[in-house]
1. Quick check on my filter: what residues within region 334-353 are assigned to a loop (DSSP other than H, G, I, E, B) and either aliphatic (A, V, I, L, M) or out of contact with any helix residue (DSSP H, G or I) (no Cβ under 6 Å at 6 or more places or on another chain) (or both)?
2. Condition (residue is buried (at least 21 other Cβ atoms within 10 Å of the Cβ), touching a residue at least 40 places away in the same chain (Cβ under 8 Å) and within 22 Å of the chain's Cα centre (by Cα)) applied to region 201-209: is it met by at least one residue?
3. Read through the list (1) under 23 Å from residue 394 (Cβ atoms); (2) aliphatic (A, V, I, L, M); (3) in contact (Cβ under 8 Å) with a residue 40 or more places away in the chain, then give the number of the only condition that residue 69 fails.
4. Is it the case that residue 231 is open to solvent by less than 50 Å² (accessible area, probe 1.4 Å) and among the β-branched types (Val, Ile, Thr)?
5. Out of 391, 366, 385, which single residue is open to solvent by less than 10 Å² (accessible area, probe 1.4 Å) and over 23 Å from residue 110 (Cβ atoms)?
6. Looking at (1) open to solvent by 70 Å² or more (accessible area, probe 1.4 Å); (2) at pLDDT 90 or above, which one does residue 22 not meet, given that it meets all the others?
7. Here are some conditions: (1) open to solvent by 10 Å² or more (accessible area, probe 1.4 Å); (2) at pLDDT 95 or above; (3) more than 13 Å from residue 505 (Cβ to Cβ). Residue 520 meets all but one. Which one does it not meet?
8. Could you grab the pairs with beta carbons closer than 8 Å, sequence gap of 6+ or different chains, first residue in region 276-293 and closer than 25 Å to residue 397 by Cβ, second one of a type in the set (Phe, Trp, Tyr) and open to solvent by 20 Å² or more (accessible area, probe 1.4 Å)?
Amino acid sequence: MSYPYIFRRLRFFAAAFAFLALTSFATAADYYVDATRGDDLAAGTSPSTAWKTLERVSTAPELAPGDVVKFKCGEYWREGFSPQSGEPDKPILYTSYGQGAKPSFWRSIALDKEEYWLSVGENLWATRPTTVRTVGDAGAFLGGGDWSLHQESGAKVKQTIKRSKTGEKTYVFDCESCGVSANHIQWCKGSFPVEKGKSYRLSFDVRSTKPVVFHAKVMKNGAPWTQYASVVLGQFKADAEFSRQSAVFKTTADAGDARVTVYLGGLPEDVTIEIANVEAEEVAVDSFDFGTDVGNIILDGSKAAFKRWTLDDLKAQDDFCFEKSEGRVWFYSKENPAKVYKSLEAATMRHIVDHSNVHDVVFDGIDLRYGAAHGFGGTNSKRMIIRNCDISWIGGGDQYGQGGSGRRVRYGNGVEFWSDAEDNLVENCRFWEVYDAAITNQGAGENVERNITYRNNLIWNCEYSFEYWNRDEKSITENILFIDNVCLNAGYGWGHVQRPDKNGRCVMFYSNTAQTKNFVLKGNVFANATESLVRSDVDWTPEQPIFTENTYWQDDKELPYVRWRGENYLEKGFDAWREQEGQEKGAKIKKIDVDALIPAL
């Protein structure tokens with residue numbers, strides 16, 4: 001089957017889906033959302049009875065396939081969003097109403113008032129500390145019974161329990177091998193109920209034969225291991241002497257099947273850890289409720305602060321770090337940061353829109369910004385359209401919670417379809433200032449990525465304009481179209497100077513072992529990248545991607561156009577690459593005025 005046939009077939013599919021969506025909306029119910037004047041107790045069926053919050057929309061029992069949800073233009077919401085699913089012939093549409101700027105979803109916390117900051121040293125400022133007070137016992141939190149131990153991926157740990165004369169337990173963990181990831185050793189207790197919005201403190205005495213730092217989560221007591229709480233404050237530090245350590249959680253769901261998991265994997269080899277006097281209590285918390293890592297601070301909407309990993313690294317204006325154990329941001333500045341900048345948006349490490357397990361939805365005309373994970377992110381999405389959206393200032397969160405050690409991997413992507421994504425479309429969107437990829441479909445483990453089209457998007461100042469990989473020999477990737485997109489200044493964004501692995505590319509193909517066919521990149525503009533416009537260093541199985549009729553340009557003639565299987569091809573070697581690989585029928589090398597194509601914002 002030739003790629004022109006696939007191109008025509010998928011173009012028909014996308015047009016048919018769009019027509020079907022529009023026709024089904026004609027008889028659908030409309031709902032309105034107004035962040036300023038809305039009321040979650042109102043009917044939501046007119047602008048005068050609009051709902052107020054994204055949470056109300058995410059959980060609305062009234063929504064049915066074919067309905068339309070309209071967010072008021074000019075408004076913004078500091079919340080994450082989880083769309084509801086429609087049906088194959090009746091998608092749910094999320095769009096806008098009124099005049100003005102696109103409605104905007106943020107995952108950031110404003111730090112723009114002088115009273116938010118305390119001077120803690122010469123040119124050093126910190127957000128005010130979190131205060132916690134006990135309001136009662138934890139009730140059913142932690143539940144009954146004893147703790148259980150889980151180990152995987154070759155980790156080896158022996159647990160013993162010592163009892164004092166009065167019956168108190170001390171849990172002793174002799175870790176011969178702790179594995180390489182935190183989840184390789186888990187100490188768990190459940191199941192118990194949690195109530196949304198309450199805060200709890202988990203405390204215990206701990207010591208260790210080697211200095212260690214570890215953390216805990218509150219989650220579903222079974223697959224798919226959904227998190228039921230955010231970490232407001234704290235992680236556990238231990239050395240040779242017993243010390244009292246605590247973590248504070250704020251529950252984010254009503255559930256009857258929660259558990260606490262303490263992660264002991266990834267610690268030093270041959271370490272012994274002792275935990276005693278485990279207690280839980282309900283608390284009231286006064287804090288900024290970051291809840292997770294602060295991956296970026298966007299200053300006046302136009303530049304990024306520089307994320308560092310320790311207080312000792314704060315040496316220049318706008319350096320910052322997030323101290324997880326205290327739940328505070330530390331910032332290097334000649335004066336109070338809120339005097340230097342009118343706007344400081346601390347982007348937290350959460351997806352702005354989580355589309356996991358969602359199908360038959362359309363987003364049209366929404367603005368996403370200031371999130372330190374992904375803009376749109378999730379697994380198992382099907383028949384999803386993202387159209388006419390703006391996605392900016394995304395990523396930077398500490399993905400594996402390693403605090404700058406280890407791989408130092410940071411989120412995130414503008415739109416990510418992670419594993420098992422089918423029949424999706426991203427078109428007429430704008431992406432800028434994304435730490436990693438503007439657009440990507442990728443996966444690990446056996447999965448299917450099929451019939452995904454990206455077209456007519458404008459992308460600039462992202463590390464990658466488009467990224468792809470899929471790493472399981474049993475996985476399937478087929479019918480992926482990247483067509484008529486304009487990709488500019490890859491690697492010129494805020495994240496590039498902060499990355500330990502600088503890799504600016506318009507197209508970045510990492511290792512791909514999935515069974516792959518009909519992967520076409522056609523009619524795109526690739527102009528300016530700090531490393532190369534295209535990179536694909538490894539053989540694919542069984543077919544290579546097809547590049548055809550794309551336009552290429554590098555202002556810097558010393559930079560490669562293509563890096564392919566480890567070889568760099570500059571402009572003068574471009575034709576040799578085309579002939580050698582059988583790529584790029586109808587390609588052009590043409591001067592591109594990049595500045596003229598990037599809009600003024």
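The values are calculated or read from the model by the stated rules, or taken from the named source; none is laboratory data. What you see is a predicted model, and the numbers here were worked out from it, not measured in a lab. Don't worry about glycine lacking a Cβ; one is built from the backbone with ideal geometry, like all the others, and counts go over all protein chains shown. Surface accessibility is based on the protein's heavy atoms, side chains included, excluding ligands, DNA and RNA. Shrake-Rupley method; radii C 1.70, N 1.55, O 1.52, S 1.80 Å.
1. The initial filter retains those residues of region 334-353 that are assigned to a loop (DSSP other than H, G, I, E, B), namely 334-336, 341-343, 349-352.
Listed by number, the residues that qualify are 334, 335, 341, 342, 343, 349, 350, 351, 352.
2. no
3. Going through (1) under 23 Å from residue 394 (Cβ atoms); (2) aliphatic (A, V, I, L, M); (3) in contact (Cβ under 8 Å) with a residue 40 or more places away in the chain one by one, residue 69 breaks only (3).
4. Values: open to solvent by less than 50 Å² (accessible area, probe 1.4 Å): yes; among the β-branched types (Val, Ile, Thr): yes.
Spelling it out, residue 231 is indeed open to solvent by less than 50 Å² (accessible area, probe 1.4 Å) and among the β-branched types (Val, Ile, Thr).
5. Working: 391 fails: over 23 Å from residue 110 (Cβ atoms); 366 fails: over 23 Å from residue 110 (Cβ atoms).
Exactly one residue qualifies, and that residue is 385.
6. In the conditions (1) open to solvent by 70 Å² or more (accessible area, probe 1.4 Å); (2) at pLDDT 90 or above, residue 22 misses (2) alone.
7. Failing condition for residue 520: (1).
8. Between residues of region 276-293 that are closer than 25 Å to residue 397 by Cβ and residues that are of a type in the set (Phe, Trp, Tyr) and open to solvent by 20 Å² or more (accessible area, probe 1.4 Å), the close pairs are 288/116; 290/322; 293/322.
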